[in-house]
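Q: I'd like to ask some things about the structure below.
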Amino acid sequence: MNWPLEYGYTTLPQPLWVRIDPVPVRAPHLMLFNDRLADALGLTPWLADIDRAEVFSGNRLPPGARPFAQAYAGHQFGHFNLLGDGRAVVLGEWRDPDGRLWDIQFKGSGRTPFSRQGDGRAALGPMLREYVISEAMHALGIPTTRSLAVVATGETVWRERPLPGAVLTRVAASHIRVGTFELAARLSADTVRALADYAIDRHYPACREADTPYLALLESVIARQAGLISRWLQVGFIHGVMNTDNMSIAGETIDYGPCAFMDTYHPDTVFSSIDTGGRYAFANQPTMGAWNLTRLAETLLPLLDTDADRARTLAQTALESFGPQLEKHWLAGMADKLALPEPDRALIYDLLTLMAETEQDYTLTFRRLAAWLRGDPSHGLPDDARWQAWLRRWRTQLARPPEQAAADMDKANPAVIPRNHQVQRALDAAEAGDLAPLHTLLDAVRQPFCDNASTRPFMAPPKPHERITQTFCGT
């Protein structure tokens, strides 16, 4: 029986996609499968009689599947390039029981016309890493693509050294990027219009009823990204490669390459080995979000108004809302993290300054503040005059009894994040054939707000010899 896959994206002009099958692999072996996600998608009944390793490696396509690779462009570290799915294909679009449409995509599935001298393959470690971190982001309540499966290929891929290969199955609201619009704008105004109409129908149907639907689309994407990036900042997440081809129109976190969660807080923190200038440092993410959205607005100008000056004015007004929206979301989130009845900008920024100057762990500081409120003598906060003064200021701002405020803080502040050293330890074991540490880590990051026997081993920051200061793209 044919799978009920849909292919709405392939109704768009051909330059935006190409029909292509995955390249078969030698010896597929299922490493991880996300049964929770399969159940949520309503996919489980369709998996009963299939060999999951064969299907999710791309070796055996489900009946009726017509995979395709997407073309897009992108500003990579500020430089425009023509790009595309160089190692990925969309198996098809799947409609869940609630009627929502999801892309099912294979990553590492072989060469495509967009591979640009690449081998089209992926290494096992980075695919397992995306699985872990995307699951952690989902558990934190942050919009994200999800990972359905990781299949080892039984083949070697060559990067700096020989590595075991793998195919990741990724699920996303869509894979339409800012860079997709950048490519469409290079093709024709009609292509931009077709893509914008498709994005509205798929992600923002309410925009169709607006007086100016394409302006409403731009405003909707701006609002989604303001909310998303504010959530990154609240949990200490650094995307690492915020190129325009890595910004989703749907407002999901996408493309987990050299991303990382901070241990010690500093606003200038960079992990990505390729971000030598700090373009995508932690504190720069709002600025780069605005830069990327400006590139999107440029592609939509012909649709906003027939008069070029009026179109630019409309786009500029929309873009100017991004910073205030992001700050509003961020301040509200930080107020929740501190159990404040309303945001206090000075109090919040003074705390972050103290954290940076005294090299505090970003995640644990907020849990330690809750412990201090409870009167726990082992709270772990610095015992110096500046901290004591800040703590007194903070306590006077609380509108709830200390115990209740502390309980609320524990619900707002994760105890567990996927720390670099712990992720790498689990990946090393998995590459050596032992998946137990990876499953234990996954269990912990899926319950980030719990402080219990199973999560406690994953709460500790790295010791000096365990610190990982660089993360890598994996391509």
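The values are calculated or read from the model by the stated rules, or taken from the named source; none is laboratory data. Source: prediction; values computed, not measured. Don't worry about glycine lacking a Cβ; one is built from the backbone with ideal geometry, like all the others, and counts go over all protein chains shown.
Q: Can you pull out every residue in region 282-310 that is polar (S, T, N, Q) and either in a helix (DSSP H, G or I) or buried (at least 19 other Cβ atoms within 10 Å of the Cβ) (or both)?
A: Those that are polar (S, T, N, Q) and either in a helix (DSSP H, G or I) or buried (at least 19 other Cβ atoms within 10 Å of the Cβ) (or both): N284, Q285, T287, N292, T294, T299.
Q: Residues that are buried (at least 16 other Cβ atoms within 10 Å of the Cβ), in a loop (DSSP other than H, G, I, E, B) and of a type in the set (D, E, K, R): does region 412-422 have at least one?
A: Within region 412-422, one or more residues are buried (at least 16 other Cβ atoms within 10 Å of the Cβ), in a loop (DSSP other than H, G, I, E, B) and of a type in the set (D, E, K, R).
Q: Any residue in region 208-231 that's among the small types (G, A, S): show its pairings with residues that are modelled with pLDDT under 95 and buried (at least 19 other Cβ atoms within 10 Å of the Cβ) at Cβ separation under 8 Å, as long as the two are six or more apart or on different chains.
A: Within 8 Å, no pair qualifies.
Q: Of everything in region 445-475, what is loosely packed, with under 12 Cβ neighbours inside 10 Å and not small (G, A, S)? Give them in sequence order.
A: N452, K463, P464, H465, T469
Q: Given the structure, is D39 acidic (D, E), within 25 Å of E252 (Cβ to Cβ) and free of Cβ contacts under 8 Å to residues at least 12 places away in the same chain?
A: yes
Q: Inspect region 149-167 for any residue being in a loop (DSSP other than H, G, I, E, B) and surrounded by 24 or more Cβ atoms within 10 Å (Cβ to Cβ) and give the result as yes or no.
A: no
Q: Have a look at I417, I468 and point out the one that is outside the structural domain of D85 (by TED's automatic domain parsing), in contact with a Lys or Arg (Cβ under 9 Å, 6 or more places away or on another chain) and within 30 Å of T276 (Cβ to Cβ).
A: Testing whether each residue is outside the structural domain of D85 (by TED's automatic domain parsing), in contact with a Lys or Arg (Cβ under 9 Å, 6 or more places away or on another chain) and within 30 Å of T276 (Cβ to Cβ) leaves just I468.
Q: Of the conditions (1) in a loop (DSSP other than H, G, I, E, B); (2) surrounded by 13 or more Cβ atoms within 10 Å (Cβ to Cβ); (3) assigned by TED's automatic domain parsing to the domain that holds D245, T313 clears all except one; give me its number.
A: (1)
Q: Within region 63-89, can you find the residues that are in a loop (DSSP other than H, G, I, E, B) and either among the polar types (S, T, N, Q) or modelled with pLDDT of 95 or more (or both)?
A: Once the filter is applied, which keeps residues that are in a loop (DSSP other than H, G, I, E, B) and either among the polar types (S, T, N, Q) or modelled with pLDDT of 95 or more (or both), region 63-89 yields A65, R66, P67, A71, Y72, F77, G78, L83, G84, D85, G86, R87.
Q: Among (1) surrounded by fewer than 19 Cβ atoms within 10 Å (Cβ to Cβ); (2) among the β-branched types (V, I, T); (3) touching a Leu at 6+ places or on another chain (Cβ under 8 Å), there is one condition T365 misses while meeting the rest; what is its number?
A: Going through the list (1) surrounded by fewer than 19 Cβ atoms within 10 Å (Cβ to Cβ); (2) among the β-branched types (V, I, T); (3) touching a Leu at 6+ places or on another chain (Cβ under 8 Å), T365 breaks only (1).
Q: For region 161-184, what are the residues that are under 23 Å from A27 (Cα atoms) and out of contact with any Ser or Thr (no Cβ under 8 Å at 6 or more places or on another chain)?
A: R161
Q: While we're on this one: Identify, from the list A389, A399, the residue that is in a loop (DSSP other than H, G, I, E, B), surrounded by fewer than 17 Cβ atoms within 10 Å (Cβ to Cβ), of a type outside the set (S, T, N, Q) and not assigned by TED's automatic domain parsing to the domain that holds E130.
A: Only one candidate qualifies: A399.
Q: Would you be able to say whether some residue in region 204-212 is under 29 Å from Q447 (Cα atoms) and touching a helix residue (DSSP H, G or I) at 6+ places or on another chain (Cβ under 7 Å)?
A: Scanning region 204-212, I find no residue that is under 29 Å from Q447 (Cα atoms) and touching a helix residue (DSSP H, G or I) at 6+ places or on another chain (Cβ under 7 Å), so the answer is no.
Q: Could you please let me know if D443 is farther than 17 Å from H379 by Cβ and either acidic (D, E) or assigned to a helix (DSSP H, G or I) (or both)?
A: yes
Q: When both residues are 6+ apart or on different chains and their Cβ atoms are under 6 Å apart, which pairs have a first residue that lies in region 87-102 and is over 26 Å from G474 (Cβ atoms), and a second that is part of a loop (DSSP other than H, G, I, E, B)?
A: That search, which allows pairs on different chains as well, returns D96/G42; P97/G42.
Q: Can you confirm whether region 113-124 contains a residue that is within 21 Å of the chain's Cα centre (by Cα), in contact (Cβ under 8 Å) with a residue 24 or more places away in the chain and in a helix (DSSP H, G or I)?
A: Yes - at least one qualifying residue is present in region 113-124.
Q: Output the residues belonging to region 376-386 that are assigned to a loop (DSSP other than H, G, I, E, B) and not hydroxyl-bearing (S, T, Y).
A: D376, P377, H379, G380, L381, P382, D383, D384
Q: Would you check if D268 is over 14 Å from the mean Cα position of the chain (by Cα), crowded, with 21+ Cβ neighbours inside 10 Å and acidic (D, E)?
A: Taking the combined requirement at face value, the residue does not satisfy it.
Q: Related question: Which of the numbered conditions does T363 fail, given that it passes all the others? Conditions: (1) without any contact (Cβ under 8 Å) to a residue 60 or more places away in the chain; (2) polar (S, T, N, Q); (3) within 21 Å of A339 (Cβ to Cβ).
A: Failing condition for T363: (1).
Q: Additional query: Collect the residues in region 29-46 that are over 20 Å from the mean Cα position of the chain (by Cα) and buried (at least 16 other Cβ atoms within 10 Å of the Cβ), keeping them in residue-number order.
A: Correct list: L30, M31, L43, W46.
Q: Within the set of pairs 6+ apart or on separate chains, which have a first residue in region 462-475 that is in contact (Cβ under 8 Å) with a residue 24 or more places away in the chain, a second that is loosely packed, with under 15 Cβ neighbours inside 10 Å and in a loop (DSSP other than H, G, I, E, B), and C-beta atoms under 8 Å apart?
A: These pairs meet every condition: Q470/S273; T471/S273; F472/S273; C473/S273; T475/G118.
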